[in-house]
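Right, one structure below, let's go through it.
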Amino acid sequence: MDIESLEHHIRTLDNQHTLIERKLDAMLKQKSWNEYEVEDLKKQKLKIKDELSRMYRKRYEIMNEVSFDD
């Protein structure tokens, strides 16, 4: 994956993370909410955050020609 594709993927994931966070915040401000929906959104948010962490590490490796897999 080249750096431009990686940057695009990072922006896309970051946007998805923000949208889920806003949806979750709005849901939790309501008087009643579905706990299973909230749990699912939290899991999605965490999964995206984990993927973002991997992408940031990969970007760092590419930009600095370093590998953490050694």
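The values are calculated or read from the model by the stated rules, or taken from the named source; none is laboratory data. Since this is a predicted model, take the numbers as computed values, not measurements. When we count neighbours, we look across all protein chains shown, and the Cβ atoms used for this are built from the backbone with ideal geometry, even at glycine. Protein only, heavy atoms only, side chains kept; ligands, DNA and RNA dropped before computing areas. Shrake-Rupley method; radii C 1.70, N 1.55, O 1.52, S 1.80 Å.
Is it true that Ile48 is touching a His at 6+ places or on another chain (Cβ under 6 Å) and modelled with pLDDT of 95 or more?
Against the criterion (touching a His at 6+ places or on another chain (Cβ under 6 Å) and modelled with pLDDT of 95 or more), Ile48 qualifies.
Working carefully through the options Met63, Met55, Met1, Met27, find the one that is hydrophobic (A, V, I, L, M, F, W, C) and in contact with a Lys or Arg (Cβ under 9 Å, 6 or more places away or on another chain).
Going through Met63, Met55, Met1, Met27 in turn, just one is hydrophobic (A, V, I, L, M, F, W, C) and in contact with a Lys or Arg (Cβ under 9 Å, 6 or more places away or on another chain): Met1.
If you take the residues in the stretch 41-61 that are over 14 Å from the mean Cα position of the chain (by Cα) and open to solvent by 70 Å² or more (accessible area, probe 1.4 Å), which one is farthest from Ser5 (Cα to Cα)?
Our first condition is that a residue be over 14 Å from the mean Cα position of the chain (by Cα); within the stretch 41-61, this holds for 58-61.
Next, only the ones that are open to solvent by 70 Å² or more (accessible area, probe 1.4 Å) stay: 58, 60.
Numbers: Lys58: 12, Tyr60: 14 Å.
Once the filter is applied, the top-ranked residue is Tyr60.
If you scan the stretch 6-16, which residues turn out to be closer than 14 Å to Met55 by Cα and in contact (Cβ under 8 Å) with a residue 12 or more places away in the chain?
Result: Leu6, Glu7, His9, Ile10, Leu13, Asp14.
Return only the number of the condition from (1) in contact (Cβ under 8 Å) with a residue 60 or more places away in the chain; (2) in contact with a Leu (Cβ under 8 Å, 6 or more places away or on another chain); (3) of a type outside the set (Lys, Arg) that Met63 does not satisfy.
(2)
Considering only the stretch 1-39, how many residues are under 25 Å from Tyr56 (Cβ atoms), charged (D, E, K, R) and surrounded by 12 or more Cβ atoms within 10 Å (Cβ to Cβ)? Even if it seems obvious, please write down each step before you answer.
If we filter the stretch 1-39 for residues that are under 25 Å from Tyr56 (Cβ atoms), which is where we start, we get 1-25.
With the extra rule that they be charged (D, E, K, R), the set shrinks to 2, 4, 7, 11, 14, 21-23, 25.
Filter once more, so that each one left must be surrounded by 12 or more Cβ atoms within 10 Å (Cβ to Cβ): 7, 14, 21, 23.
Result for the stretch 1-39: 4.
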